Amino acid sequence: MAPATRYRRMSSHHDRYAYRPITDRPVYDWPNGGRLAIYLGVNYEVFQFGSGLGAELAPAQTDPDVMNYAWRDYGNRVGAWRLFDLFDRLDLRTTALVNADVLDACPGLAEACRDRGDEIAAHGATNAAAQGDLSGRREAAMIGDVTERLAALGVRPTGWLGPWISESAQTPDLLAQQGYRYVLDWAHDDQPTRLSTAHGGLLSIPYSQEINDIPAIIARRQEAETFAGMIRAAVEQLLSECDRRPVVLGIALHPYIMGQAHRTPALARVLTELRAANDPRIWWTTAGEIAAHVEANDLAV
């Protein structure tokens, strides 16, 4: 008879944060007594022509993939400016998640975000490559280069979203080492939490992978009205909970998706409804302002 095989428990924990249910947290308010913080995270991205990663409207038949490249480029040339008009009408600041290569590829686009008062957050160099594939030295150099290029807009970025939500095992350590306050890659909570790093704490600010137009519209083949309904439902549910605990909703948008002429009206309707309600429990804000409030008052678990 063969000997019994002993069960071996394998550890696969990341050691960045410990488990703590949302029902067992300190209770606090957002500024002015708010309980639901909402921010728009708008992704301004560039891609390579003929190579590299990129979302697909439909499978490419030939190379170079003119169809999908041009579809994505529409967001920077047209869709972003359509969304600016919407945000201006509703007096909404956003968190602009900017690939640093936007500065060269799309002159004036990142500057327009800055000039309208948006927070400029770093979104890597380009969305044609996944950050997690880089070696430690190359990743550190990329983060430093992106940071300095975006700082030339006038304010050094304090927040980071990895291209394709991709991280290496060292990414949080490298971000903390280079002075970042928060990261948006970890969609594990409705509240800001603190990640452990080799260089002190790094805040994780909620960034939704559900209330996000790429998974909703491109991956799941839903359309703008359904996506707008998801936003309504999420706000309704979070408002029903926020008397018990403060919560965050990040709404993730891409100009080449929600900036399309047939999709922007649905987004406009839901945002107009929410703004017109003027609910005192809602704090319309940016990811950076959430991080600053949490950090100043030592609120993150």
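The values are calculated or read from the model by the stated rules, or taken from the named source; none is laboratory data. Quick caveat, the model's predicted, so the values are computed rather than measured. Reconstructed Cβ throughout: ideal geometry from the backbone, glycine too, with neighbour counts over all protein chains shown. Please note that ligands, DNA and RNA were not included when accessible areas were found on the heavy atoms of the full protein model with its side chains. Shrake-Rupley method; radii C 1.70, N 1.55, O 1.52, S 1.80 Å.
Odds and ends about this structure:
- Test for residue 271: is it surrounded by 21 or more Cβ atoms within 10 Å (Cβ to Cβ) and touching a residue at least 24 places away in the same chain (Cβ under 8 Å): yes
- Count - residues of segment 138-172 that are under 19 Å from the mean Cα position of the chain (by Cα), of a type outside the set (A, V, I, L, M, F, W, C) and open to solvent by 30 Å² or more (accessible area, probe 1.4 Å): 3
- Check on residue 29, among the acidic types (Asp, Glu), in a loop (DSSP other than H, G, I, E, B), at pLDDT 95 or above and open to solvent by 20 Å² or more (accessible area, probe 1.4 Å): yes
- Flag if residue 257 is under 26 Å from residue 85 (Cβ atoms), open to solvent by less than 30 Å² (accessible area, probe 1.4 Å), modelled with pLDDT under 95 and not in a loop (DSSP other than H, G, I, E, B): no
- Those residues of segment 84-137 which are hydroxyl-bearing (Ser, Thr, Tyr) and surrounded by fewer than 15 Cβ atoms within 10 Å (Cβ to Cβ), in sequence order: 135
- Test: residue in segment 107-125 that is assigned to a loop (DSSP other than H, G, I, E, B), more than 29 Å from residue 284 (Cα to Cα) and not polar (S, T, N, Q): no
- Just one of the listed residues (216, 224) is touching a Phe, Trp or Tyr at 6+ places or on another chain (Cβ under 6 Å), more than 19 Å from residue 292 (Cβ to Cβ) and touching a residue at least 12 places away in the same chain (Cβ under 8 Å), namely 216.
- Across segment 206-236, the qualifying residues are those that are more than 28 Å from residue 194 (Cα to Cα) and among the polar types (S, T, N, Q), and the one among them that is most open to solvent (accessible area, probe 1.4 Å) is 226.
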